[in-house]
Amino acid sequence: MADASDRLGRDTHLTHLGRAGVRAEGFVNPPLVRGSTVLHADCAARTEAGRKRFDQALVYGLLGTPTHFALEDAIAAIEGGTRCQIVSSGLAAITVPLLAYLGAGEHCLVPDSVYGPSRHFCDTMLRRLGVETTYYVPTIGADALAGLIRPETRVLFLESPGSHSFEMQDVPALAAVARARGLAVLMDNTWGIQTFQPFRHGVDVSIQALTKYIGGHSDLVLGAVTTADPAHWERIRAAATTLGQYASPDDCWLALRGLRTLGVRLRQQAAAGLTVARWLAARPEVQQVLHPALPGAPGHDIWRRDYDGACSLFGVVFQPEITVESMIAMLDSLALFGIGASWGGFESLALPTTGTIRRSVSPPLPGPAARFHIGLEDTADLIADLEQAFSRLRSR
């Protein structure tokens, strides 16, 4: 029998997750709990708590406080999983699972469009540990992926859409092939927060950079690793604790506060992102807008099939005759867009991405490119800012 909470809407869940409840006496928000040492009534109680280190037991500050546990429960619910491990950053949410599933002499498959620091970790730390990485074309089909799997392959890593180049991956098809061969399927689902349910599509481990939309205010660094299966959870939890992974309870508390408004912010920013993307797509200086939710954009059919929403991050490829230098000068002339590498906050951002690390095609994109994140400003103001910047581009 379904729990009554299963019938509640997303915004209702976001309002009530990780809280004691509306009938609980006390403050609305859970308290911020800091601490290292945990005291127990006696040695037997301490021993019993130690046996529950994979549960939400108070053993030692490194293993979590009630503030951590409240956020973990909330993220697990948002992702559609059962258990979550909070870690110190979005990058840690990538590296901890990779270390949990890979060892010397083993092999992993990673999309060529992956987030740059993920690639750097594979090419440096994993290589030194004796793990080999194969970078596959992100739009690969299931049969071609099967041909890349070796006896020593242990992990299929997914990131959809791709960082900077925004390729959509056929997650259900690729995950089915991987799981049939005994691989763990890991996915960076940061773009799909609240709009893609990874565990319904064959993913084993879902990764979130809570720095982005969950935090929402560009003032914290945090990551989350969520699973639905207890065996995967225990593996992630063991790796995180062995590596000494820890997130500040202050940042966890800020993330709990930020997620209350995730629904309204995400809807507003997704709609604004599409408005600006459509405007950009109509510009003669633009060759292509890489926004999966935009009809006609690459990967739109997969987005329409698997997602029930979008976010506010997308790419723009300019016409080949526009030089990289001209595009950068145009971006520098923007008054309302910050030049920054993150996204998911309340402020709009722009970033040149022509030097994207994708290597399976050359050049990686067919023209000078930039990535845009649309914040909470009025879209009319953002478009006016872009208009004046484009006029400078035309005058060069």
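The values are calculated or read from the model by the stated rules, or taken from the named source; none is laboratory data. These numbers were taken from a predicted model, which means no experiment stands behind them. Positions of Cβ are generated from backbone atoms using ideal geometry, with glycine treated the same way; all protein chains shown enter the neighbour counts.
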Inset, instruction - For region 176-189, state whether one or more residues are of a type in the set (V, I, T) and under 17 Å from A310 (Cβ atoms). - result: no
Inset, instruction - Look at A92 and say whether it is in contact with a strand residue (DSSP E or B) (Cβ under 6 Å, 6 or more places away or on another chain) and buried (at least 19 other Cβ atoms within 10 Å of the Cβ). - result: yes
Inset, instruction - Confirm whether L145 is out of contact with any His (no Cβ under 6 Å at 6 or more places or on another chain), more than 30 Å from P30 (Cα to Cα) and modelled with pLDDT of 95 or more. - result: yes
Inset, instruction - With the condition kept exactly as written, say whether any residue in region 120-139 is touching a Lys or Arg at 6+ places or on another chain (Cβ under 7 Å), buried (at least 24 other Cβ atoms within 10 Å of the Cβ) and not hydrophobic (A, V, I, L, M, F, W, C). - result: no
Legend entry - Checklist (1) of a type in the set (D, E, K, R); (2) in contact with a Gly (Cβ under 9 Å, 6 or more places away or on another chain); (3) modelled with pLDDT of 95 or more applied to E321, failing item: (3)
Inset, instruction - Scan region 359-378 residue by residue and report those that are assigned to a loop (DSSP other than H, G, I, E, B) and either in contact with a His (Cβ under 7 Å, 6 or more places away or on another chain) or surrounded by 14 or more Cβ atoms within 10 Å (Cβ to Cβ) (or both). - result: S360, P364, L365, G367, P368, I374, G375, L376, E377
Inset, instruction - Specify which of the listed residues (T242, T275, T211) is touching a residue at least 12 places away in the same chain (Cβ under 8 Å), hydroxyl-bearing (S, T, Y) and surrounded by fewer than 23 Cβ atoms within 10 Å (Cβ to Cβ). - result: T275
Legend entry - Of the criteria (1) over 24 Å from G35 (Cα atoms); (2) touching a strand residue (DSSP E or B) at 6+ places or on another chain (Cβ under 9 Å), which one R304 fails: (2)
Inset, instruction - Evaluate region 48-62: report whether one residue or more is assigned by TED's automatic domain parsing to the domain that holds F121, buried (at least 22 other Cβ atoms within 10 Å of the Cβ) and out of contact with any helix residue (DSSP H, G or I) (no Cβ under 8 Å at 6 or more places or on another chain). - result: no
Inset, instruction - Would you mind finding the one in G299, G315 that is farther than 19 Å from V171 by Cβ and in contact (Cβ under 8 Å) with a residue 24 or more places away in the chain? - result: G315
Legend entry - Top-ranked residue of region 63-87 - restricted to ones that are hydroxyl-bearing (S, T, Y) and more than 16 Å from W233 (Cβ to Cβ), ranked as surrounded by the most Cβ atoms within 10 Å (Cβ to Cβ): T67
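Residue by residue, here is whether (1) over 16 Å from I236 (Cβ atoms); (2) at pLDDT below 90; (3) touching a strand residue (DSSP E or B) at 6+ places or on another chain (Cβ under 8 Å) holds:
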position: A4; (1), (2), (3): yes, yes, no
position: R7; (1), (2), (3): yes, yes, no
position: T12; (1), (2), (3): yes, yes, no
position: R19; (1), (2), (3): yes, yes, no
position: P30; (1), (2), (3): yes, yes, no
position: V33; (1), (2), (3): yes, no, no
position: A57; (1), (2), (3): yes, yes, no
position: Y60; (1), (2), (3): yes, yes, no
position: L98; (1), (2), (3): no, no, yes
Legend entry - Any helices (runs of 4 or more DSSP H) falling wholly within region 78-167 and containing at least 3 residues that are among the β-branched types (V, I, T): 90-101
Legend entry - Odd one out for F337, checked against (1) modelled with pLDDT of 95 or more; (2) surrounded by fewer than 20 Cβ atoms within 10 Å (Cβ to Cβ); (3) over 20 Å from the mean Cα position of the chain (by Cα): (2)
